[in-house]
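Presented below is the structure to which this report refers.
The values are calculated or read from the model by the stated rules, or taken from the named source; none is laboratory data. Please read all numbers here as calculations on a predicted model, not as lab measurements. Don't worry about glycine lacking a Cβ; one is built from the backbone with ideal geometry, like all the others, and counts go over all protein chains shown.
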Ligand SMILES: Cc1cc2nc3c(=O)[nH]c(=O)nc-3n(C[C@H](O)[C@H](O)[C@H](O)COP(=O)(O)OP(=O)(O)OC[C@H]3O[C@@H](n4cnc5c(N)ncnc54)[C@H](O)[C@@H]3O)c2cc1C
Ligand code: FES
């Protein structure tokens, strides 16, 4: 199991365990993390799974694909460390991952 | 002038469930009109994933969202349904009795319909523009902030800010630039999803000094009493600056919102409409709900379930439209009667 901590917009931390090979969005939904809507169920088609990746993990989670960048246009308050959680794969390398959720997804 | 259209059935929504139901109704000689807020048929398949492959449509090992919609449209062609696009169904009024129901349906374009049954195939709700979470933006909506352009004249000689990087943002940039006092396009990155020729046309206008392009985001608004005077623009880590403007048009895509359906007197369970599983009728006789919008024990939000629900609902609709006619079950393979309707006999 891989450890992920979600920090919501008010600063509350929620540590969860995620299965290798799943996505950060799936881990959020399974654990009823607030502030992640994931309307499209992970198809990179809704931008309601927007998260900010903790700077230390940015190199480990990789870069957004062009399709993900296009979808991020529909998110608000996008920052250089913005990602769509459904496009971040849970791998052993990202163990300890910390992501923050924005106050609103849409 | 209010147009009134009389028909057998009005279908709210034109997603895949609605489209296949047109076929099932057509086989039973039932005419219908479909209304959707989107400019085209196909619901989520057209709007959210036209190019993505779907693998669980029976008989299609793989078909794209757009491919499925094209096929459905071809399949229902013989029944010539009438589509009313770019219209939100706002009102649904029950006129008749439980035994002989009748309904009046109204849209925000002032079209009214009278019909004998209504099928709500509204999916996750109507596709409406996403609103950016800029503090206080509501106060400016419909006065200075618009999520769509209905009347171009409202933008003449104004300082306009458009936000976004897709086709809507670029198209309206090019359409409004000639009549604007000054137009500024704001996008979070210097890369656009829009059609390359409109991106090029925009870049030429910028190079010629006829409009501005700024890379960053809007973080706040300034103005008074709904009248916008400026937008606070922030590029990266720099401090926000104010761009003078009287009009703001943000394009952040669409999201599905239940909308007016909540006011139609239908029972709702967490924004879904409970139905029975024999005919998919709601608590109001004559109003049916199929596809993603309904709920019942075991419900799955799958396209194939919407197809099944539509075909069973059609049987009960027949009772309302033709109370005196008996329905006999027939196959399209072998019934010459059905084949005539399909124009293959
Ligand atoms: C990314 C993604 C992938 C998917 N993949 C699959 C898959 O592989 N297999 C599968 O079976 N399903 C899949 N689905 C689900 C499938 O798309 C839905 O089950 C299906 O679209 C539901 O069809 P529908 O006709 O009930 O509603 P929708 O497709 O949601 O259409 C409803 C329409 O009604 C309109 N509407 C609603 N209210 C109003 C109103 N008041 N006035 C006017 N118009 C209104 C809306 O604008 C919309 O166009 C996927 C969904 C997504 C988002
Ligand atoms: S869940 Fe829709 S884009 Fe991630």
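Things worth noting here:
- Taking the criterion of being buried (at least 16 other Cβ atoms within 10 Å of the Cβ) and farther than 20 Å from residue B:37 by Cα, the residues of segment B:269-284 that qualify are B:274, B:275, B:280, B:281, B:282, B:284.
- Boolean, residue A:82 is over 23 Å from residue B:45 (Cβ atoms), more than 13 Å from every other protein chain (Cβ to nearest Cβ) and more than 16 Å from ligand 1 (Cβ to nearest atom): no
- Residue in segment B:241-263 that is more than 30 Å from residue B:154 (Cβ to Cβ) and out of contact with any helix residue (DSSP H, G or I) (no Cβ under 6 Å at 6 or more places or on another chain) present: no
- For segment A:71-90, taking the residues that are out of contact with any helix residue (DSSP H, G or I) (no Cβ under 6 Å at 6 or more places or on another chain) and away from ligand 2 (no atom under 15 Å from the Cβ), the one that is nearest to residue A:9 (Cα to Cα) is identified as A:77.
- Count of segment A:4-27 residues, restricted to those that are surrounded by 14 or more Cβ atoms within 10 Å (Cβ to Cβ) and over 30 Å from residue B:50 (Cβ atoms), is 8.
- Looking only at residues in segment A:28-39 that are near ligand 2 (Cβ under 10 Å from one of its atoms) and crowded, with 20+ Cβ neighbours inside 10 Å, the one that is nearest to residue A:8 (Cα to Cα) is A:36.
- Complete set of residues in segment B:144-198 that are crowded, with 18+ Cβ neighbours inside 10 Å, within 14 Å of chain A (Cβ to nearest Cβ) and not in a loop (DSSP other than H, G, I, E, B): B:162, B:163, B:168, B:169, B:170, B:185, B:186, B:187
- For segment B:120-143, taking the residues that are within 30 Å of residue B:300 (Cα to Cα) and assigned to a loop (DSSP other than H, G, I, E, B), the one that is nearest to the other protein chains (Cβ to nearest Cβ) is identified as B:130.
- Residue match in segment A:57-66 (condition: within 26 Å of residue B:162 (Cβ to Cβ) and in contact (Cβ under 8 Å) with a residue 24 or more places away in the chain): no
- Answer from B:116, B:106 - the residue that is touching a helix residue (DSSP H, G or I) at 6+ places or on another chain (Cβ under 7 Å), under 17 Å from residue B:6 (Cβ atoms) and surrounded by 18 or more Cβ atoms within 10 Å (Cβ to Cβ): B:116
- Look at (1) under 19 Å from residue B:132 (Cβ atoms); (2) surrounded by 18 or more Cβ atoms within 10 Å (Cβ to Cβ); (3) at pLDDT below 95 and you find that residue A:49 fails only one, number (3).
- Scanning segment B:285-314 for residues being within 14 Å of ligand 1 (Cβ to nearest atom) and either surrounded by 17 or more Cβ atoms within 10 Å (Cβ to Cβ) or assigned to a helix (DSSP H, G or I) (or both) gives a total of 19.
- Some residue of segment B:110-123 being within 30 Å of residue B:96 (Cα to Cα) and over 22 Å from the mean Cα position of the chain (by Cα): yes
- Members of segment B:52-89 found to be touching a residue at least 24 places away in the same chain (Cβ under 8 Å), closer than 15 Å to residue B:307 by Cβ, within 12 Å of ligand 1 (Cβ to nearest atom) and away from every other protein chain (no Cβ under 14 Å), listed by number: B:57, B:58, B:68, B:69, B:72
- Residue-level check: of (1) under 30 Å from residue B:192 (Cβ atoms); (2) within 16 Å of ligand 2 (Cβ to nearest atom), residue B:247 misses just (2).
- Residue check for residue B:210: in a loop (DSSP other than H, G, I, E, B), farther than 30 Å from residue A:102 by Cβ and in contact with a strand residue (DSSP E or B) (Cβ under 9 Å, 6 or more places away or on another chain): yes
- Any chance residue B:261 is outside any loop (DSSP other than H, G, I, E, B), within 26 Å of the chain's Cα centre (by Cα) and away from every other protein chain (no Cβ under 14 Å): yes
- Residues in segment A:56-73 that are touching a strand residue (DSSP E or B) at 6+ places or on another chain (Cβ under 9 Å) and facing chain B (nearest Cβ under 9 Å): 3 in all.
- If you check A:93, A:68, A:55 for being away from ligand 2 (no atom under 16 Å from the Cβ) and in contact with a helix residue (DSSP H, G or I) (Cβ under 8 Å, 6 or more places away or on another chain), only one passes: A:93.
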